[in-house]
Amino acid sequence: MKVAGLAVAALLAAPQSGSRAREAAIASLFERVARADEPGFAVLVRQAGKTVFARGYGIRDLRSRERIDPATSFRLASVTKQFTAMAVMLLVRDGKVRYEDLLTDLFPALPAYGKGITIRHLLTHTSGLPDYEDLMQAAEKDRPPIWTADRQIHDNEVLALLRGETKGRFDPGTSWAYSNSGYVVLGLVVARVSGKPFGDFLRQRIFAPLEMRHTLAYERGRNEVDGRAFGHARDTAGFRQVDQSPTSATLGDGGVYSNLEDLAKWDEALRVNELLSPGAMRPGLTPVTLAGGSAAHWPAGPVSGDDLRPGQPVSYGFGWLLDPWRGRTRMWHHGETTGFRTVIERFPDDGLTVVVLANRDDLDVRALALAAADLHLQGNMSSRVPTRVERGSP
C-alpha cells in the first residue's frame with residue numbers, strides 16, 4: 001500500500017503552520033498505511049523532551065481485535081540491543097567489568113578462536129563469533145528439527161553451540177559483521193557479572209528506575225506481557241498470526257517487549273543522561289574502528305537478512321547505529337523478527353525522536369519513521385521521502 005506523499009505535501013503547504021500542521025501531516029502519512037481491521041503499528045514522535053504525537057493504528061491480534069494504542073506492548077527485536085548495551089555500560093561504570101576484559105575470563109570453556117574477544121568486540125559487532133542461527137541449521141542438518149516455536153533455543157544453548165566451533169568468522173577486531181550471537185553472549189555476561197538473571201538486572205537497574213512499568217525481557221513461564229500485540233505475516237490469503245519462532249526465547253539480542261509510553265521515558269532518560277553521565281555514555285556513541293584504524297563496512301557477501309547495505313561503510317557504537325541522515329547527527333536501530341518490525345530514530349542535536357512499532361512483517365518501518373522525521377526536520381516532503389512503506393522500500 002502507498003503513502004500519499006503529495007497529499008502530505010499539500011497539508012504542509014496550506015496556511016496552517018507549526019505543530020498543528022506537522023501533526024496533521026504525520027496523521028495523514030500514517031492513516032494510509034494500515035486499515036482499522038488489520039494488524040498495524042504504533043508511532044511516537046518526541047520533540048525537545050515532549051511527546052508531540054503518540055498514536056496506534058490497526059489491531060493487536062485477529063482474535064480479540066483490540067485496538068493498538070500507546071499502551072500496547074510490542075516485541076522490540078533488535079531494538080533490545082541498546083538495553084543490553086546499557087546494562088553492560090552500567091556494570092563498567094560500577095567497576096564490575098571493563099570493556100577490554102576478555103570473554104574467556106568469564107567463560108573459560110570457549111575454544112581457542114574466542115581467546116582474543118573482548119567485551120568491546122561484542123558490543124561493536126567486531127567479535128567474529130559465528131552466527132548462532134547458522135549453527136542451529138548445521139546442527140539440524142539431515143535430522144528432525146531440534147528447536148521449534150514451542151521448543152525454542154535459549155541463551156545457554158547458544159553458548160554451547162559457540163563452544164562447539166573451532167573458528168570464528170574473522171579474527172576479533174579485524175572486521176565487522178552484525179552479530180546476534182554477540183548480544184546473546186552479552187546478556188550472559190550481564191548475568192554472570194551481576195549475579196542476577198539478565199531480565200532481573202534490566203528491571204532493577206533500568207526499567208524500574210525509569211518507571212518503565214510495562215517493559216520486560218520476556219521469558220515464557222516466568223513472566224507475561226500485559227496488553228501486548230501479537231505478530232503477523234501477510235501473504236496472498238491475508239494476515240496470519242506468526243508470533244514465535246525457534247529463536248524467540250533468546251534475550252540479549254532481541255527479547256525485550258515495550259510500548260510507546262515506556263519508550264518515551266527511555267528517550268527522556270537518554271536525553272538528560274539519567275542513567276549514565278555524558279562521559280560514561282561517550283564510548284557507546286563513538287563509532288567503532290577496526291584494528292589498525294580502518295573503517296568498518298557491512299559484509300560484502302555472502303550477506304544475510306541483517307546486512308542492510310552490503311559492502312558499504314557502517315558506523316556502530318554500543319547497541320546503536322550512528323550514521324548521520326541528510327547531514328544530521330543520528331543514533332538509531334531497527335528490529336526484525338517473526339511478525340514484528342520496529343525502529344527508533346533519534347536526532348539528538350535536533351531534539352527529535354521517532355519510534356515505530358509494528359505487529360506485521362510487510363511494513364518498512366524505517367521508511368515510515370524517516371518520513372515522519374522529515375516532516376519535523378525539513379518542514380516539507382522532499383522527493384527523497386519514500387512514498388512506499390512496504391518491506392524493501394528505499
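Consider ALA85 carefully, then state whether it is under 21 Å from the mean Cα position of the chain (by Cα), closer than 24 Å to GLY173 by Cβ and open to solvent by less than 60 Å² (accessible area, probe 1.4 Å). Outline the logic, then answer.
On the way: under 21 Å from the mean Cα position of the chain (by Cα): yes; closer than 24 Å to GLY173 by Cβ: yes; open to solvent by less than 60 Å² (accessible area, probe 1.4 Å): yes.
Against the criterion (under 21 Å from the mean Cα position of the chain (by Cα), closer than 24 Å to GLY173 by Cβ and open to solvent by less than 60 Å² (accessible area, probe 1.4 Å)), ALA85 qualifies.
Residues in the stretch 342-365 that are outside any strand (DSSP E or B) and either within 22 Å of GLN244 (Cα to Cα) or in contact with an Asp or Glu (Cβ under 8 Å, 6 or more places away or on another chain) (or both): ASN359, ARG360, ASP361, ASP362, ASP364, VAL365. A residue that is modelled with pLDDT under 95 and surrounded by fewer than 16 Cβ atoms within 10 Å (Cβ to Cβ) occurs somewhere in the stretch 200-220. Among residues of the stretch 56-82 being open to solvent by 50 Å² or more (accessible area, probe 1.4 Å) and basic (Lys, Arg), the one that is nearest to GLY40 (Cα to Cα) is ARG67. All of GLY311, GLY279 fail the test of being modelled with pLDDT of 95 or more and either closer than 22 Å to ILE344 by Cα or of a type outside the set (D, E, K, R) (or both), apart from GLY279. Residues in the stretch 300-330 that are open to solvent by 10 Å² or more (accessible area, probe 1.4 Å), part of a strand (DSSP E or B) and within 28 Å of ARG360 (Cβ to Cβ): 1 in all. The residues of the stretch 170-196 that are of a type in the set (A, V, I, L, M) and either more than 18 Å from ALA291 (Cα to Cα) or assigned to a helix (DSSP H, G or I) (or both), listed by number, are VAL184, VAL185, LEU186, LEU188, VAL189, VAL190, ALA191, VAL193.
For the stretch 345-363, which positions are open to solvent by 10 Å² or more (accessible area, probe 1.4 Å) and not acidic (Asp, Glu)? It would help to see each step written out before you state the result.
Quick first cut of the stretch 345-363, residues open to solvent by 10 Å² or more (accessible area, probe 1.4 Å) only: 346, 348-351, 361-362.
Selection gives ARG346, PRO348, GLY351.
A count restricted to the stretch 255-297 and to residues that are free of Cβ contacts under 8 Å to residues at least 60 places away in the same chain and touching a helix residue (DSSP H, G or I) at 6+ places or on another chain (Cβ under 7 Å) stands at 1.
Looking across the stretch 43-55, the residues that are touching a residue at least 24 places away in the same chain (Cβ under 8 Å) and either crowded, with 19+ Cβ neighbours inside 10 Å or not polar (S, T, N, Q) (or both) come down to VAL43, LEU44, VAL45, ARG46, ALA48, GLY49, VAL52, PHE53, ALA54, ARG55. Within the stretch 224-246, the residues that satisfy the criterion of being open to solvent by less than 80 Å² (accessible area, probe 1.4 Å) and closer than 17 Å to THR342 by Cβ are VAL225, GLY227, ARG228, ALA229, PHE230, GLY231, HIS232, ALA233, VAL242, ASP243, GLN244, SER245.
Taken over the stretch 151-163, the residue count meeting the criterion of being assigned to a loop (DSSP other than H, G, I, E, B) and either at pLDDT below 95 or surrounded by 12 or more Cβ atoms within 10 Å (Cβ to Cβ) (or both) is 3.
Within the stretch 123-149, the set of residues being on the phi < 0 side of the Ramachandran plot, open to solvent by 60 Å² or more (accessible area, probe 1.4 Å), part of a loop (DSSP other than H, G, I, E, B) and without any contact (Cβ under 8 Å) to a residue 40 or more places away in the chain comprises LYS141, ARG143, PRO144. Condition check for LYS167 on (1) touching a residue at least 60 places away in the same chain (Cβ under 8 Å); (2) surrounded by fewer than 18 Cβ atoms within 10 Å (Cβ to Cβ); (3) in a loop (DSSP other than H, G, I, E, B): one failure, at (1).
The values are calculated or read from the model by the stated rules, or taken from the named source; none is laboratory data. In this text the structure is predicted, and so the values were computed from the model without any measurement. A quick note on method: Cβ atoms are made from the backbone with ideal geometry, for glycine too, and the neighbour counts reach across all protein chains shown. Protein only, heavy atoms only, side chains kept; ligands, DNA and RNA dropped before computing areas. Shrake-Rupley method; radii C 1.70, N 1.55, O 1.52, S 1.80 Å.
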